[in-house]
1. As a test of the formula, what do you get for the chain when each DSSP H run with n ≥ 4 contributes -39,500 (n - 2.57) and the sum is divided by the residue count, at 222 nm and rounded to the nearest 500 deg cm²/dmol?
2. Which angle from 0 to 90°, rounded to the nearest 10, does the C-alpha axis of helix 150-159 make with the longest principal axis of the chain?
3. Just to confirm the number: angle between the C-alpha axis of helix 23-33 and the first principal axis of the chain, 0 to 90 degrees, nearest 10?
4. Going by average Cβ density within 10 Å per residue, which order do the peptides 121-130, 75-84 take, highest to lowest?
5. How far, in degrees from 0 to 90, does helix 2-17 lean away from the longest principal axis of the Cα atoms of the chain, to the nearest 10?
6. For residue 32 and residue 9, what is the calculated FRET efficiency with R₀ set at 25 Å and r taken between the beta-carbons, to the nearest 0.05?
7. Please report the relative contact order for the range 31-180, taking Cα pairs under 8 Å with a sequence separation of at least 6, and give it as a percent rounded to a whole number.
8. Once semi-axes √(5λ) of the Cα gyration tensor in Å is worked out from the coordinates, which option in [x] 23, 18, 16; [y] 26, 19, 15; [z] 42, 23, 14 does it equal?
């Protein structure tokens with residue numbers, strides 16, 4: 001019995017040290033090297049923090065790019081998806097409501113041209129990014145609201161499009177908050 005208990009206790013102690021001390025310290029050290037030093041990447045406007053780059057925010061004004069819908073109303077404390085399947089009647093009503101709202105605010109866009117990400121919930125409810133297509137389908141509305149050319153806005157979307165990590169990992173994406181800050185700062189050329 002003693003032959004098995006002592007090695008088991010030693011092994012337990014080693015794994016407690018690795019999993020409860022070494023690993024958390026390693027993750028914290030890596031976080032300190034990231035943008036925001038492990039506290040999140042803040043976005044500022046006129047010297048004032050207006051949000052975090054990795055947390056989606058709600059934009060409903062026609063002069064802004066809209067974010068992906070959130071099942072938790074963009075509440076970071078309650079991050080979650082809707083947990084409703086694609087055949088759930090309530091989910092289908094929500095998607096149809098998002099489509100109807102989008103079409104009302106974006107005349108000239110056909111239902112089939114709306115990227116799915118603009119009318120469906122993300123898994124976390126806090127997705128801060130859109131695909132370039134999700135941003136560009138909104139350009140006409142914003143051009144009218146801000147009295148800018150569509151070419152200027154398309155160029156802005158292109159400038160704020162982030163490429164996949166190392167050119168292969170993940171899709172191209174556009175951070176909606178950063179894009180809207182650029183609009184408010186007049187970075188349109």
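We did not get these values from a lab; they are worked out from the coordinates using the rules stated. Just so it is clear, the structure is predicted and the values come from calculations on it, not from any experiment. Here the Cβ positions follow ideal geometry from the backbone for every residue, glycine too, while neighbour counts run over all protein chains shown.
1. Value at 222 nm, helices only, nearest 500: -12000 deg cm²/dmol.
2. Helix 150-159 and the main axis of the chain meet at about 10 degrees.
3. Long axis of 23-33 versus the principal axis of the chain: about 40 degrees.
4. Per-residue mean Cβ counts within 10 Å order the peptides as 121-130, 75-84.
5. Approximately 30 degrees, to the nearest 10.
6. Plugging the Cβ-Cβ distance into 1/(1 + (r/R0)^6) gives 0.15.
7. Here the relative contact order equals 26 percent.
8. Matching entry in [x] 23, 18, 16; [y] 26, 19, 15; [z] 42, 23, 14: [z].
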